[in-house]
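Below is one structure, written out as C-alpha cells, with a few remarks after it.
The values are calculated or read from the model by the stated rules, or taken from the named source; none is laboratory data. No experiment lies behind these values; they were computed from the predicted model shown. Every residue, glycine among them, receives a Cβ derived from its backbone with ideal geometry; neighbour counts consider all protein chains shown.
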Amino acid sequence: MGHIPVTLKGTPQGILLRVQTESWEVALSSLELSLRDAQSFFRGGRVILELGSRPLPEDDFQRLRQLLERYEMELWVILSEREEVKHLARSYGIRTRLPGAQSPHQRADEVASNALLVRRTLRSGQKLHHPGHVVLLGDVNAGAEVVAGGNIVIWGRVRGVLHAGAFGDDAAVVCALDLMPSQLRIAQYISRAPEQRRRVPQPELARVEHGNIVAVPWKKIRE
Amino acid sequence: MAGQIITVSSGKGGVGKTTTTANLSMALAMLGKRVICIDADIGLRNLDMMLGLENRIVYDIVNYVEGRCRLRQALVRDKRYPSLFLMPAAQTRDKNAITIEQMNRVAHEAAEIADYVLIDSPAGIEHGFRYAVTPADLVVVVTNPEVAAVRDADRVVGLLEAEGWAPARLLINRLKPDMVRRNEMLDVPTVVDLLAIDLIGVVPEDPSILAAGNRGQPVVLDERSLAGQAFRNVARRLHGEEVPFMSLKSPSFLQRLFNIR
Ligand SMILES: Nc1ncnc2c1ncn2[C@@H]1O[C@H](COP(=O)(O)OP(=O)(O)O)[C@@H](O)[C@H]1O
Ligand SMILES: [Mg+2]
C-alpha cells in the first residue's frame, strides 16, 4: 500500500488523526508507535478522528479510545460520513462535528508550514502542543500550557507554562510582550517565576546562556 | 417568545452559585418577571433550602424526566412572589440520573412558560457542569476575588469558548473592600483583566447571607442589605437596564471600579 498507516497533525483545534490503512490492527500499532515517540507533545491533547466513509465497529472504537486514554488523550470529535458511526460517537458523548464552521482542512494552511499561528487566549487547563514553532496572538493564562518543538512567540502576556525546543533544541527562544510564566522551559533547562510580584511589563526574549535561561528586555537586544 | 435561560456556574465549589441563583431568581420575580429556577445540583440539593421552599417539595426533576409527574406538578411556587417557581433537584440520586438531552428539554420547556429560567449548576467541570451549561443562552460565571477561584473561573470560560457554548458574564462575589484596600485581596479590575469577560456585578461579603440562607429568606428581600442591593442591580442588568456599579463604602474602591471601563 505504500501509505503511512496513520497521520497525526497538530491543528489549532486539536490533533487531527487520519487512518490510511485498511487494517485497524496496523493503524493502532502504528499510532501507538507515534504516540510513544512523541509522548510529551500529544499528552493531554484532544483528538479529532477523521474517518470519511470508513466503518467503525464498536470494538475497534473501544480499542482506539483505550489506547488514547493510556496517553492521556481525549477522543474529542469523530468526523464521519456514516450515520451509524455518528450515532456511536454521540452515545459516548463524543462530538461529530467541530464547533464553529471550520473544518480541519480550512485550517490546514496554518499547519502546512513549520509554524502554527493561533489567535486566541489560552485559558487555565488549555494546552497547545505543536512539533514546530508556535506563534500565539493572545495571552497564556495561569494554568495554561504551550509546548513547541521550535521557538515560541507570544503576542500577549504569559502567566502559564511554556516549553520551547521540547525535542532538545537549546537554541530555541521564547518571546513575549509580558513574560511572567509560572514555569519556563527551553530544551532540558527549567526556570520558575521570579518571586517579585509587581513590575512594569516589557517585551522580553528568553534564551539559554551558559546553561541558564535568561530573559533579556527587547530594548537591550536592540542596543 | 421563549424566556431566557441563564446558567450560574463557577468551576470551584462554595463560591456562591446557589446563593446567586436564589437571589437573582427572587430579584427577577420582584421585578414582576415569571421565573423558574432549576436546581441542577442533583444529590446535593440546597436551592430549595435557600429559598425556604424545602417543605413544599413533592416531585423533583428526576421524577419529571422519568415521566412520573407533569411539569407543573414538579414546580414549587414561592410563597412570597407567586411568579417564582423552583424545579427541585433529587436528593437521593446522583448526576448521572439526568442526561444532557433531558436537561436541555426541561430547560427549554420551562423557558416556554417563563421569562427567565435560572439553572444552578453543580461544582466541577464534569457531566453536571455540561448538562447545566448546554441549554444556556447566557452563563453567569461566579468567582471570589482569590487566585484559586479565578483560575477555576478561567477554566470554565475557556471551556465555554472552546465548545462554542453561550457567552459568559462575570459576577464577583464576597468582595471585602477593606482587604482590597490593604492589598490583601485581588481587586475588581485585576480579576476582570485576568478573565477578560464582561462584568455583570460585584457582591460584597455580607455576614447576613449565611443566616438569610439558613432562614430561607434571600438577602434581596432585605431593603437595607448591601449584598441584596448588589443582587437586585444584577437582576436589572440581566433585564437590560443600565445600572451603575455601586460604591462599596470605599472611595478608593469606587475609583478603581471606574477605571476598568
Ligand atoms: N456575599 C457573601 N457574603 C458572605 N457569605 C457568602 C456570600 N456568598 C455566599 N456566601 C456563603 O458561602 C457559602 C457557599 O455559598 P453557596 O451559594 O452554597 O456556594 P456554591 O453554590 O457555589 O457551592 C454559604 O455558606 C453562603 O452563605
Ligand atoms: Mg451550590
Task: Members of segment B:156-185 found to be more than 12 Å from chain A (Cβ to nearest Cβ), surrounded by fewer than 21 Cβ atoms within 10 Å (Cβ to Cβ) and not in a helix (DSSP H, G or I), listed by number - done: B:A166, B:P167, B:R169, B:K176, B:R182, B:E184, B:M185
Task: Residue among B:Y59, B:Y64 that alone is more than 16 Å from ligand 1 (Cβ to nearest atom), without any contact (Cβ under 8 Å) to a residue 40 or more places away in the chain and away from every other protein chain (no Cβ under 14 Å) - done: B:Y59
Task: Members of segment A:157-182 found to be assigned to a strand (DSSP E or B) and either of a type outside the set (G, A, S) or under 12 Å from A:H133 (Cβ atoms) (or both), listed by number - done: A:R157, A:V158, A:V161, A:L162, A:H163, A:A164, A:V174, A:C175, A:L177, A:D178, A:L179
- [ ] Please go through segment B:1-47 and pick out each residue that is more than 23 Å from B:E126 (Cβ to Cβ) and part of a helix (DSSP H, G or I).
- [x] B:A22, B:N23, B:L24, B:S25, B:M26, B:A27, B:L28, B:A29, B:M30
- [ ] Check whether at least one residue in segment B:199-212 is within 14 Å of chain A (Cβ to nearest Cβ) and without any contact (Cβ under 8 Å) to a residue 12 or more places away in the chain, and report yes or no.
- [x] no
Open item on the list: If I go through segment B:1-51 residue by residue, how many of them are under 11 Å from the mean Cα position of the chain (by Cα), within 10 Å of ligand 2 (Cβ to nearest atom) and not small (G, A, S)?
Closed with: 9
Open item on the list: Against the condition within 16 Å of ligand 1 (Cβ to nearest atom) and surrounded by fewer than 24 Cβ atoms within 10 Å (Cβ to Cβ), how does B:L44 come out, does it pass?
Closed with: yes
Open item on the list: If B:G213 satisfies all but one of (1) closer than 20 Å to B:V140 by Cβ; (2) within 14 Å of ligand 1 (Cβ to nearest atom); (3) at pLDDT 95 or above, what's the number of the condition it fails?
Closed with: (3)
TODO: All but one of (1) within 17 Å of the chain's Cα centre (by Cα); (2) within 25 Å of A:G93 (Cβ to Cβ); (3) within 14 Å of another protein chain (Cβ to nearest Cβ) hold for B:A149, so report the exception by its number.
DONE: (2)
Task: Within segment B:192-213, tally of residues that are closer than 18 Å to B:V234 by Cα and either within 16 Å of ligand 2 (Cβ to nearest atom) or of a type outside the set (D, E) (or both) - done: 9
Task: Test: B:V142 is within 25 Å of A:T121 (Cα to Cα), at pLDDT 95 or above and within 16 Å of ligand 2 (Cβ to nearest atom) - done: yes
TODO: Check A:A187 against each of (1) modelled with pLDDT of 90 or more; (2) touching an Asp or Glu at 6+ places or on another chain (Cβ under 7 Å) and name the one condition it does not meet.
DONE: (1)
